[in-house]
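Written out below as structure tokens is the structure these notes cover.
Just so it is clear, none of the values below were taken in a lab; they were calculated from the coordinates. Please read all numbers here as calculations on a predicted model, not as lab measurements. No Cβ is skipped: glycine too gets one built from the backbone with ideal geometry, and neighbour counts run over all protein chains shown.
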Amino acid sequence: MESRYHAGPSPTRTGRFPCYPRRKPVVLASISKLDRWNRVLLAILAAYLALWPLEPLSRAVYGLRVALQTLLYVLAAALLARLAFRGLRALTRRFLWRVRHRMAVAYFFVGVAPLSLALILGGFAVALSVGPLAAYLVTAQLEKRSAELYATVDSLSWELRAAPAADRPAIGRRFLTDARARYSGILARMRTPEGVLAVPASFAEEPLPESLPSYRGLVLWDGRLYLTAYARDSDGSPSLLALAPMTDDYLAGLLPDLGVVEFRDARSNSPAAGSRVIEMARAAAPANAPPPPAMARLPPPAHPFDWTIRWPAQTQVLDWQTGAIEPRNVLALRTRPSAVFRHVMSKQSPEVNAIAVNLGRALAILFGIALLISTVVAVSLTRTVTGAIHDLYVGTRHVDRGDFSYRAPVHGYTQLTELARSFNTMTASIQRLVEDSKERERLEAELQIAHEVQAQLFPRSTPRLDTLEALGVCKPAQSVSGDFYDYVRLGDHRLALSFGDVSGKGISAALVMAAVHSTVRTQLALLGSGGEDLREAVARVVAEANRQLCAGTAPEKFATLFFGIYDEPTRALHYCNAGHLPPMLARSGGVERLDVNGMVVGAFPNACYEGSSVEIRSGDLLCAFTDGITEPENAYGEEFGEDQLGRLILREADRPIQEIMRLVLEEVDAWTSHGSSSLQDDRTLLLARGL
């Protein structure tokens, strides 16, 4: 027994062993599947690792490894970016495959994104409007405080001018005492002809700027800020100087409901000067002074979007050492939009506040209603569009599976509903066509069966007597034919010939043809083989066929019938022609026409038929044909005609009967070959030659 296992490949007929392709190692096979960039990255990584042991030996190796490391980082970042891009693209394609997601993204970029940008721009607009407004309110309050201080100093200056010289020190001391009570930590100085009065006394020795005019505002002295009022006359009259320190308590009392105010030095016009924090003036409060006000705090937010706004403001500041007045951003405040609006609206009348509040609420309600309506409309439109497209997609899946009964729901009147209607119409048409195709296939199968059954009715073999040979052929225009021919031997010396054409085409004509064929065959079985009168016999067969056909078929169904019996001893053909085209008999250089002995069968039940006889000599050619042979038209509308058929069989009468049959059919086909491959009518031909 031959072994099922082999130690190796066996040699071929040439004596050589077969060559099999070598398989790559697993590592090399995996590397070959990588793309170009991954291979480059892998090669650089391998070179980087290979140079690692050589790094202590040479600085050049170290520099090369640094370059390779940098290149690795760059390529790795590029590959990661590429992978991220591919992943994002795949995710985007998968997410945006559904029309619903695409419309959601479109609505986001059309509605949500612009609205978000509008809200952001609105927030910036609020900040850009609230910040300067709050800065203006604070600077206005400082201006008001400095104006009040200057008005006090100026009024005192006028009082000192009008008072006698002896009363001026008492007036000055009284003013200084009242100022210390009103302004915590105030520095005041008054020059009179009798001397300088100051609070505190050490302030009398401080130098003043040269040629300082009357001034009110902020003063920077010794790194601290003061609210200052200074009055001086050009004629040397008494001058007054008052400096109220900018303490935390003082700032908290400016606008306590607005937010937190602080002072910082920010010389934006002089970048070299830098930025430094200005210290608040520190002064000990007197023992009998009232408690300081509460520290200013940032108001609580009125709503989630009531964010903190930080804003600087510029104001004029006098530098005490240089006497220069410069604009500085020394004012820094933290506030909220709601606090600014409350402060502004608090200055209005209650009626205006009520109108503003109601108008704001109405606008907010209208905006909410509009947003809700737009959202509902957008969702409704999206559901309508995506629902219609989903229904169409489901329909295409049904069609893909061969189910044409699905109908997409149709609601409303839009382009999508028209598309759904068109889809339903299309699927209904396809379903109808499929059903028609199935029905047609079924009918074609039945017609094929009918064709096979009808083929069994035609003679299977060609009979031949000593003095006569016959041959017939039928080419139906459809699967089945209404034409028929038949020949049956009656004993050793007789041959029955039947030939006919049923009105109409198709199955109905084939059924009538089968009935006529069966009737004739039945009557032939009843005929004897004796010496009865064959002329009367053929007439009797035709009459019986007429009677049965009239009794068993519709009135509009009739047939032409040529029936004859050839008697070999007498060489006579006894026939009865019931309305059929007269057969042709070609003999002696001419063509004769046989008789017509009566009406068609199946039309009139009481029709009478007679028989005729003709002698079939040696060499005579009998040709029986249907209108499918003589009536076909050419491209000019001309029929083939009986005359042309007669000339053809007369010219070819000496040929074998099979050759004559072929030539006749070819001539008819050539006559009608003008673009149509289908037959206009059934073509049936029967030839009989005398021997």
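Structure summary
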item: Point-charge dipole on Cβ atoms (K/R +1, D/E -1) for the chain, about Cα centre, debye to 20; result: 5560 debye
item: Projected label distance in nm at ASP222 and MET345, using a 7 Å step from Cα toward the beta-carbon; result: 4.7 nm
item: Cα shape, the chain, gyration tensor, a/c 1.5 rule; result: prolate
item: Calculated FRET efficiency for the pair PHE108/HIS303, C-beta based, R₀ 25 Å, to 0.05; result: 0.50
item: Two-site label geometry, LEU392 and THR570: point separation in nm, points 7 Å out along Cα→Cβ; result: 8.4 nm
item: Net charge dipole size for the stretch 571-673 [Lys, Arg +1 and Asp, Glu -1 on Cβ; Debye, nearest 20]; result: 460 debye
item: Fully extended contour minus Cα-Cα distance, from LEU83 to GLU666, at 0.36 nm per residue; result: 202.4 nm
item: Cα coordinate range in the stretch 458-690, projected on the principal axes (Å, largest first); result: 51, 43, 29
item: Cβ-Cβ FRET estimate between ALA118 and LEU54, R0 fixed at 51 Å, reported to 0.05; result: 0.20
item: Listed residues HIS101, VAL591, PRO114: farthest to the positive end of the dipole of the chain (Cβ charges); result: PRO114
item: Efficiency of FRET between VAL126 and THR417 - r from beta-carbon atoms, R0 35 angstrom, step 0.05; result: 0.15
item: Label-point separation in nm, ALA47 to ALA324, each point 7 Å along Cα→Cβ; result: 6.2 nm
item: Backbone HN-Hα couplings from phi across the stretch 425-434 [Karplus 6.51/-1.76/1.60, Hz, Gly and Pro as x]; result: 4, 5, 5, 5, 5, 5, 4, 5, 5, 5
item: Tensor-based shape of the stretch 477-554 (alpha-carbon gyration tensor, a/c under 1.5 rounded, otherwise prolate or oblate); result: prolate
item: Debye equation applied to the C-alpha atoms of the stretch 348-456, log10 I(q)/I(0) at 0.13, 0.22 Å⁻¹; result: -0.72, -1.09
item: Centroid-to-centroid separation of the stretch 332-383 and the stretch 492-514 [C-alpha atoms, Å]; result: 100 Å
item: Additional length obtainable on full extension of the chain from ASN424 to GLU444, 0.36 nm per residue less Cα span; result: 4.3 nm
